[in-house]
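Presented below is the structure to which this report refers.
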Amino acid sequence: MTGDHFRILGIDPGSRITGFGILQLPRGAVNLKNIQLVAVGTLKSKSTLTPSERTGYLHEALYTLASQYNPEICVIEKAFTGINPHSALRLGETRGALIAAVRRLGITVAEITPTQVKKIITGQGHADKEQIATALRYLLGFDRGNLPPDASDAVAIGLSYGLSLGHQLPQKPKARSPRGDEKTQL
């Protein structure tokens, strides 16, 4: 997106369910009243697929989603090591596939830790999912409703990164040639 606004795609990665939230923010000083929630939901892979098929499905689904909404920045939650090694490996594979999907489109990727998200959104680094949902309701007027926690977490990831930008303007996106090469936009 160009002009007075830009879009952030927040991603809560999961090997079976990946949450996403797309926010539109004004360039310049971030004002909560001017932040719009454009799209929110989950990308779900079938449990009958093999792990590599699930990873491939999530890669293609995110590529399609990002192509449709054209975010300038994708913010993905950093992996945490408090899970078993097998789960950490699966999550790492999924994160890599998701990052590759948006990089295919030339989208800038940023990472943020779960603790940073919780601290920015709720004011405390150890908030639970309900506290995050309550803070989102207060900050954006966003009611999670029937959405799974993965989706509201993705909104929190995108919003926390957007708020952390403060007055900094994201760089103008680079135009993409038909071959996929990046060109500086004039």
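For (1) among the charged types (D, E, K, R); (2) touching a strand residue (DSSP E or B) at 6+ places or on another chain (Cβ under 6 Å); (3) closer than 15 Å to Ile157 by Cβ, each residue gets a yes or a no:
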{"residue": "Leu23", "(1), (2), (3)": "no, yes, yes"}
{"residue": "Lys44", "(1), (2), (3)": "yes, yes, no"}
{"residue": "Ser47", "(1), (2), (3)": "no, no, no"}
{"residue": "Leu62", "(1), (2), (3)": "no, no, yes"}
{"residue": "Glu72", "(1), (2), (3)": "yes, yes, no"}
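Candidates in the stretch 113-154 are the residues that are surrounded by 20 or more Cβ atoms within 10 Å (Cβ to Cβ) and assigned to a loop (DSSP other than H, G, I, E, B); of these, the one that is modelled with the highest pLDDT is Ala127. The residue that is farthest from Ile22 (Cα to Cα), counting only those in the stretch 83-111 that are among the hydrophobic types (A, V, I, L, M, F, W, C) and assigned to a loop (DSSP other than H, G, I, E, B), is Ile83. Looking only at the stretch 80-125, which residues are among the hydroxyl-bearing types (Ser, Thr, Tyr) and touching a Pro at 6+ places or on another chain (Cβ under 6 Å)? Listed by number, the list holds a single entry, Thr94. If the condition is being within 17 Å of Leu9 (Cα to Cα) and among the charged types (D, E, K, R), then the stretch 91-133 contributes Arg95, Arg103, Arg104, Glu111. Select from the stretch 4-41 the residues that are among the hydroxyl-bearing types (Ser, Thr, Tyr) and at pLDDT 95 or above and list them in ascending order. Across the stretch 4-41, the qualifying residue is only Thr18. Counting only residues that are out of contact with any Gly (no Cβ under 8 Å at 6 or more places or on another chain) and outside any strand (DSSP E or B), which one in the stretch 70-79 is surrounded by the most Cβ atoms within 10 Å (Cβ to Cβ)? Checked the stretch 70-79; the qualifying residue surrounded by the most Cβ atoms within 10 Å (Cβ to Cβ) is Pro71.
Taking the options Leu9, Leu37, name whichever one is under 18 Å from Asp150 (Cβ atoms), in contact (Cβ under 8 Å) with a residue 12 or more places away in the chain and surrounded by fewer than 17 Cβ atoms within 10 Å (Cβ to Cβ). Outline the logic, then answer.
Working: Leu9 fails: surrounded by fewer than 17 Cβ atoms within 10 Å (Cβ to Cβ).
Only one candidate qualifies: Leu37.
Are any of the residues in the stretch 91-106 surrounded by fewer than 16 Cβ atoms within 10 Å (Cβ to Cβ), at pLDDT below 85 and not charged (D, E, K, R)? Looking for residues that are surrounded by fewer than 16 Cβ atoms within 10 Å (Cβ to Cβ), at pLDDT below 85 and not charged (D, E, K, R), one finds none in the stretch 91-106, hence no.
The values are calculated or read from the model by the stated rules, or taken from the named source; none is laboratory data. Worth saying up front: this structure is predicted, and the values here are computed from it rather than measured. We place every Cβ from the backbone using ideal geometry, glycine too, and count neighbours over all the protein chains shown.
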